[in-house]
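Novice: Just dropping this structure here.
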Amino acid sequence: MSTTMMANTLDSPAPLDTDPLEWRSIAVPEPGEGQVLIEVAACGVCRSNLHMVVGDWAADGVPGASPIVPGHEVTGRIAGLGPGVEDFVVGDPVGVQPLWWTCEECEFCRTGREQLCHQRVITGEHVDGGYAEFMLANARHTYPVPAGLDLVAAAPLFCPGITAFGAVEKLGIEPGQSVAVFGLGGVGHMAVQFAALAGAEVIAVGRNDEHLAVAADLGATRLVNTTRGEVEGIADSMDGVLTFAGVDSVTAMAMASLKWGGTLVNAVPVNIDGFPFNKGQTIKGSLLGNRAQMAEVLRLAAEGRIRTVTESFDLSEAGNALRQLEAGELRSRAVLVNGTFSG
Ligand SMILES: [Zn+2]
Ligand SMILES: [Zn+2]
């Protein structure tokens, strides 16, 4: 195997029109104790990658290393094993999600909430991620991809998939309840499916008819286009609301649609003005999910009960994919595909 690989590397965050990502040859990393080397098949392009690359999160210490390879929704095959790894063999199809390492010892790690570990290391933010031909992962945070799942289509299960699943579980849907999904990007499209699987009547809310049409395909039974004022039609009527658009005006619409006593789950930052106690409503934040939930997402995908909606770019075209994401030109989840993947 070659000792070098091609990777999209970020030396320092900068606006996309200055091409901050450089496609360059770097050393293939060596797996240490408990780690695996993965030959990357595909890596989804997340809005959080965009935030990091352009510097939105620099004040919060992201990226936490320089240079860094972004990317945290990754599939591929095991290409090497570090000492002490017994659960995988070379050639196994696997995936990695944003949680790259957790301490396994703290209160959160011991109670199935490892995504809240205060020492968590995030793939592609603190350590190199999947925008490269190879990457390292920890065996304890590496997931077997079930046979029959296409590795390119499966990549977004590892961030939009688990994010949506975790949020829907926090809603605690009873069959027949009405659930509105605000924000129909990669995460929203997955959430529509999980909410429908839970027995909800799913109302998709967005401003783009194409995204709404995809949501209808995925199980939404009612479509609400906010650019046509249709959102007033669902005021004070939703048992549950999921919001994946971190925009205050959307949050306000989401709160206005929530029934008295209802629950809103957000997987983005929200600002809520004047939250009233006398409507008895609940607001919950949600981040990713735990390892058991990730395995459940993969099982549901393997059974064909959920699916991703993707468009492919060559791995070397990461900058272009991010530009299209920033410009709002993508119709679905962009996935970088490694053309040199040996299968
Ligand atoms: Zn992501
Ligand atoms: Zn921990």
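Novice: Probe radius 1.4 Å, ligands and nucleic acids ignored: give me the carbon and sulfur share of the accessible area of the chain as a rounded percent.
Specialist: Details: 7230 of 14530 Å².
Carbon plus sulfur share of accessible area: 50 percent.
Novice: What's the center-to-center distance, using Cα atoms, between the range 82-158 and the range 2-37 in Å?
Specialist: That distance is 18 Å.
Novice: To make sure I understand the rule: partners must be lysines, Cα under 16 Å from the Cα of residue 170, and not fewer than 8 residues away in the same chain. Which ones qualify?
Specialist: 284
Novice: Can you give the net charge of the other residues whose Cβ lies under 14 Å from the Cβ of residue 77, counting K and R as +1 and D and E as -1?
Specialist: -4
Novice: Just the number, please: percent antiparallel of the DSSP beta bridges in the chain, rounded to the nearest 5.
Specialist: Values: 33 of 61 bridges.
Around 55 percent antiparallel, to the nearest 5.
Novice: Please sort by residue number the GluC sites (Glu not before Pro) in the range 1-72 whose DSSP state is loop and whose Cβ has at most 14 other Cβ atoms within 10 Å. Please list the in-between numbers first.
Specialist: Details: sites: 22, 33, 39; in loops: 33.
Sparse-neighbourhood loop GluC sites (Glu not before Pro): 33.
Novice: Further question on the same structure: Tally Lys/Arg at +1 and Asp/Glu at -1 over every other residue whose Cβ is under 14 Å from the Cβ of residue 173; what's the total? Numbers along the way, then the final one.
Specialist: Numbers: positive: 170, 259, 284; negative: 169, 174, 201, 239.
Result for the neighbourhood of residue 173: -1.
Novice: Shifting gears a bit: Above 18 Å lies some portion of the pair distances; for the range 1-108, what is it as a whole percent of all C-alpha pairs?
Specialist: 58
Novice: In the range 78-231, what % of DSSP beta bridges are antiparallel (nearest 5)?
Specialist: Details: 5 of 15 bridges.
Beta bridges within the range 78-231, antiparallel portion: roughly 35 percent.
Novice: For the chain, divide the Cα radius of gyration by the Kirkwood radius and give the resulting Rg/Rh value with two decimals. Present the calculation step by step, with values, prior to reporting the outcome.
Specialist: Values: Rg = 19.8 Å, Rh = 20.4 Å.
With Rh from the inverse mean 1/r over Cα pairs, Rg/Rh is 0.97.
Novice: Same structure, new question: For a Förster distance of 30 Å, can you work out the FRET efficiency between the beta-carbons of residue 33 and residue 302, rounded to the nearest 0.05? Can you show the working numbers first?
Specialist: Details: r = 31 Å, r/R0 = 1.02.
So, using R0 = 30 Å, E works out to roughly 0.45.
Novice: Which log10 I(q)/I(0) values, to two decimals, does the range 162-285 give at q = 0.09 Å⁻¹ under the Debye formula with one point per Cα?
Specialist: Values returned for q = 0.09 Å⁻¹ are -0.19.
Novice: A further question follows. Using the Cα atoms of the range 253-311 to build a convex hull, what is its mean projected area in square nanometres?
Specialist: Values: hull surface 25.4 nm².
Answer in nm², one decimal: 6.3.
The values are calculated or read from the model by the stated rules, or taken from the named source; none is laboratory data. Since the structure is predicted, the reported quantities are computational estimates derived from the model, not experimental observations. Cβ: placed from backbone, ideal geometry, glycine included. Neighbour counts: every protein chain shown. Protein only, heavy atoms only, side chains kept; ligands, DNA and RNA dropped before computing areas. Shrake-Rupley method; radii C 1.70, N 1.55, O 1.52, S 1.80 Å.
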